[in-house]
Each structure stands twice: as structure tokens, then as C-alpha cells.
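Have a look at the structure below before the remarks.
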Amino acid sequence: MSQDADVIVIGAGLAGLVAATEIADAGRRVIVVDQEGEQNCGGQAFWSFGGLFLVDSPEQRRLGIRDSYQLALQDWLGTAGFDRTEDHWPRRWAEAYVGFAAGEKRDWLRAMGHRSFPIVGWAERGGYDAMGHGNSVPRFHVTWGTGPGLIEPFVRRARDAQAAGRLMFKFRHRVDGLIVTNGVVEGISGSVLEPTRVERGASSSRQVVGDFTLRAQAVIVAAGGIGGNHDLVRQNWPQRLGTPPKRMISGVPEHVDGRMLGITEAAGGRLINRDRMWHYVEGLQNFAPIWPRHGIRILPGPSSMWFDATGKRLPAPLFPGSDTLGQLAHIMATGYDYSWFVLTQAIIKKEFALSGSEQNPDLTGKSWLMTARRATNKGAPAPVEAFKQQGADFIVRDNLEELVAGMNALSGDNLLKLDALRTQIEARDREIDNAFVKDAQVMNIHNARRYIGDRLIRTAKPHKILDPAHGPLIAVRLNILTRKTLGGLETDLDGRVFGAGGDIIPGLYAAGEASGFGGGGMHGYRSLEGTFLGGCLFSGRNAGRAAAKAAA
């Protein structure tokens, strides 16, 4: 039977683009299909902050950060907590990925024109013992140009391959099934959806105007996870994280629906670790939404005081930026699905960043002048100030009495007691005058400021929350924000998908979030951050190269 291409890639996100360009560069013919319109080329990565996990990079060394493969792997394994029989391949992927991040990853990207912002961020700092969760050192390298800057080299490579006749895009082609003959995947079938002109990320029509069938020697599934499908998120919600939230907002567009995971499983692919997922607890309702329930995440520095819905301070080490899933489990155990930051104008000015390319016009637009103003402006960055003024989750007041009244009015639960909050804040404030300090969060602030990157742009000088000189006071209601699927299709290091019986399914590959970013879950239970985009790069590259070789 005639073939339409050597390889078909399902999904025009970052992992799919990487796989497709590797296939085309190997001289093979590749078709990329995607249910969305051409305006969504690049997928979720376009909306990202562009953070990449790199180990022992020149950027780190220039800042005095001493890192190594051994230290990074220790952090990864302590964070992942692999403890299942099916973690064999995820662990193999983790070891290989850390090696990639400590090896050729940076040079490979730079050869395509990629550059990083010179200040390295420190995400997921942990706070447990040396073998527990968290990054021991800063490793979060922000792409100069954020998400659009990261996808640009691969979009360019894809367009070049398209012009050369080796790559074909088929947008608005929704895959409804895999074609399997005698256990071998030979192609895909599905529906052609009507053209759409909605803006990138917005929900598009599902009106069917035709059908299609395409055949190839190999199919790579790179169609993402389930973060936009709240029903699937709740269905797979792990008991260890408590009862699923009644109310969530979405960090990804609605089309991140998990359809291809179910379709691939129905065709015989093995889906593992489906209860492992990554959701943020610092979500804000977007006052200018693009997709349904559109949320934005705060990337916080370490100084905001964090209270649960009842007004109790989160325990150590659950400080801002320390342990995302630890915070999620703690918050859900309270019986409420929201929490609060309490901070000052001095803190929001220096410590609040918002995740997403559209929320960082200075970095996205590659403007050094605008970026420098982050450190010199009297106010917070303009997108943060816009949320402070227009966001539904912000309360700004001149004194604590009015702040607590506003918090109770916003939640409608009237759970917060002024005297209880005042007692906790004043106790913390007394530690600012204490040279010896027993408050673990204040210790954490002092430790952060030992790192020049934090001292310059990410950590405010320690001060009393109730000092009017640093006001006004600000409270932020924090919502649960859906984001990433950490489990996925089980694959070997070439991205080949295993069947339910444990054998490789000939002709079937997976990459990106659909494969748990490699192996069916290379992050284990938790992420070190900066690892999702990098996982798309690594798994897409491996699957693309292997599929191209197999199609020879």
C-alpha cells in the first residue's frame, strides 16, 4: 500500500516540531497533523516563560554557582521519588536527560540561535534534607525571547523543510484513530475540521467538514497531556493530593484535552503513571482571558507570607518557590482549594513575576532596556501592576484591618480573624530585628540573598510586613492552576511505545507530554522546573531521530 510520508507526527507543539525537523533533516518525508489552526504552531511552548534546566552552564559559572551532573541527578532522583515497577524506563529517561542537560543541550540550542538571559533563576528550592526534593542550586535558564524565542528555531527549520518538500503541515486535521495492521501501526485516520481564524490559544470550532486517512512507516504521538480537560484531571487525581479541587483554573488552552492518550491506549499503547500530575497553587484568574478559565501563575520570590483559607500560616518548608506539590497537598488537606499571600508593595515590586510569554513583554521582546527597568522601576513590572489593579484576586489596603475585611469579602467564607493574622505577622516581623533568627522563612530569605541573582532582581531586602514605609499591604487569593501531565505513554529511550503486554508496538513512537516527557514519566512525582520544555526537546529529538532511522 502506498505511503503518504515516511513518518507522521501528531501534534505541532514543541515536541512535535523537534521530532519533525529531525526527521526532515535526515532526508525523510514527514507530515505533521494538528487539530488546531496554523496560528497555534508551537503549541503550549509559545505561552511559556521559556525556562530550561541546564547543569554546570557558563551562565551558572559566571554567577559563582557550582553545579555538576552528580548533584543534579541527586536532586532529580530525590525529587522524582521513583518507587514503582513501571518506573524502570522513566528512571532511565531521567538519567539520560540530566546527562543531556549537563552535556550537549546548550550547545545544540545555541547552534540554532538560542540564547539565555544571563541571570539564572532558582526554582523549586525544596527545604528538606540533601536527598529530598528541590534544586540545590539555581538552574532555571530563561530563554531570551521566552516561549516564542524557544520555538522560533524549530518553526524556522520546519518552514525550511516545508519549502524543500520534505515536510508537510496538515492543520485542522483531528486524529480519531491509529491504523494498526497485524500489530503494526501504519497510519492515522480522522476528521477534517472547518477552517478557523480564532486567535492563538482560543477555543476553535469542532465542526467536521471531511475525513482523511494517512499512511507512513511510523507515527509519533506528540499531542500533549490533559491539563485543559478538568474532568480528566479530576478522574486521575491522586489520593495523596487530597480531594480534587471543586474549582480550578487552566494554565493551558482547552485543546490540551488528552484525546490522543485515550486513542493511543485504545490502539494498544501502554499508559502508565496517569495519577502523576503537576498543578500550581499560585494561580490568578486572568482579567483578559484567551481560553476558558484562563489562569496565570505567579512566580514568587521567597518573602510573601503564606496563609491557608482559615488564616493559618503554611508550615516550613512550604514557602513560596519551595515545593509546589507539597503546598498543593497541604492546601487541599485544609478542606479548601485556595490560599492567600500577604505581602507589601516592596515585595511585589521585586519578587513577583508572572509566568508566560505574554506577561513578560521585556523578555519576550528581547528588550534589554525594558528588562533593566525591573530592577530600577519604582513600581512592579507593568503586567504585575495591571493584575494588582484589575485582577479579581488582588486586595490592596493601607492597614491590616481593612485588608482582612477585604479578604473575607472576596472569599465569602469569612474564615479570617484579624487578631490571629496580626499575631502571626507581628511574630514574623520581630524576627527581622533578630540577628540569630529562628523563623525558617526569614532564614530562607537571608539564604536567597546570598545568591547575587536573587539579591539583584528576585528577593526584596528583609523588612517588616506591617511597616508602612514598605506599603501598601497586599493580599492575593491563590487558586489551583492545572498544568502538566507527568505520566504518559511508556517508551524506551528511542521513544518507541510499549504495548499492554510489555512488547514494543512496531511503528509507534511518543514524545513530549504524551510520553510523560519520556518513558511514561521521567519526572516521577515532582518536577525540578525548567524540565518540561527541555523534556519536549529531548524526547522529540530522540523519537524523531529513531523514527527517521527506522524509516530508512
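The values are calculated or read from the model by the stated rules, or taken from the named source; none is laboratory data. It should be emphasised that the depicted structure is a prediction, and the values quoted were computed from it without experimental measurement. Here the Cβ is made from the backbone with ideal geometry for all residues, glycine too, and neighbour counts use every protein chain on show. The accessibility values were calculated without ligands, DNA or RNA, using every heavy atom of the protein model including side chains. Shrake-Rupley method; radii C 1.70, N 1.55, O 1.52, S 1.80 Å.
Check E529 against each of (1) over 25 Å from E254 (Cβ atoms); (2) touching a strand residue (DSSP E or B) at 6+ places or on another chain (Cβ under 9 Å); (3) charged (D, E, K, R) and name the one condition it does not meet.
(1)
Give the residues of region 243-267 that are part of a loop (DSSP other than H, G, I, E, B) and open to solvent by less than 30 Å² (accessible area, probe 1.4 Å), sorted by residue number.
Scanning region 243-267 gives P245, M248, G251, V252, P253, V256, G258.
Filter region 231-242 down to residues that are assigned to a loop (DSSP other than H, G, I, E, B) and at pLDDT 95 or above, then give me how many there are.
Summing the residues that are assigned to a loop (DSSP other than H, G, I, E, B) and at pLDDT 95 or above in region 231-242 gives 3.
How many of the residues in region 61-81 are over 12 Å from V120 (Cβ atoms), open to solvent by 40 Å² or more (accessible area, probe 1.4 Å) and of a type in the set (D, E, K, R)?
Looking only at that region, the number is 1.
Here is a list of conditions, (1) β-branched (V, I, T); (2) in a loop (DSSP other than H, G, I, E, B); (3) out of contact with any Gly (no Cβ under 7 Å at 6 or more places or on another chain), and T459 meets all of them except one; can you say which number that is?
(3)
Which ones in region 408-447 are open to solvent by less than 50 Å² (accessible area, probe 1.4 Å) and at positive phi?
V437
If you go through region 145-160 one residue at a time, how many are touching a residue at least 60 places away in the same chain (Cβ under 8 Å) and surrounded by fewer than 21 Cβ atoms within 10 Å (Cβ to Cβ)?
Count: 3.
Of everything in region 318-329, what is crowded, with 19+ Cβ neighbours inside 10 Å and either in contact with a Leu (Cβ under 6 Å, 6 or more places away or on another chain) or not small (G, A, S) (or both)? Give them in sequence order.
Listed by number, the residues that qualify are L318, F319, P320, D323, T324, L325, G326, Q327, L328.
Any idea how many residues of region 110-136 are under 16 Å from Q74 (Cβ atoms) and open to solvent by less than 20 Å² (accessible area, probe 1.4 Å)?
Final tally of qualifying residues: 6.
Quickly run through region 276-304 and pick out the residues that are closer than 18 Å to G224 by Cβ and either out of contact with any strand residue (DSSP E or B) (no Cβ under 9 Å at 6 or more places or on another chain) or assigned to a loop (DSSP other than H, G, I, E, B) (or both).
Scanning region 276-304 gives R276, I290, W291, P292, R293.
Within region 367-387, can you find the residues that are surrounded by 16 or more Cβ atoms within 10 Å (Cβ to Cβ) and touching a helix residue (DSSP H, G or I) at 6+ places or on another chain (Cβ under 7 Å)?
M370, T371, R374, A380, P381, P383, V384
Does region 508-528 hold any residues that are open to solvent by 20 Å² or more (accessible area, probe 1.4 Å) and out of contact with any His (no Cβ under 7 Å at 6 or more places or on another chain), and which are they?
Listed by number, the list holds a single entry, Y525.
In region 280-296, which residue that is among the aliphatic types (A, V, I, L, M) and either buried (at least 22 other Cβ atoms within 10 Å of the Cβ) or modelled with pLDDT under 95 (or both) is nearest to E199 (Cα to Cα)?
So the residue we want is I296.
Filter region 340-352 for residues that are open to solvent by less than 10 Å² (accessible area, probe 1.4 Å) and either touching a Lys or Arg at 6+ places or on another chain (Cβ under 8 Å) or free of Cβ contacts under 8 Å to residues at least 24 places away in the same chain (or both) and give the result.
W340, I348, E351
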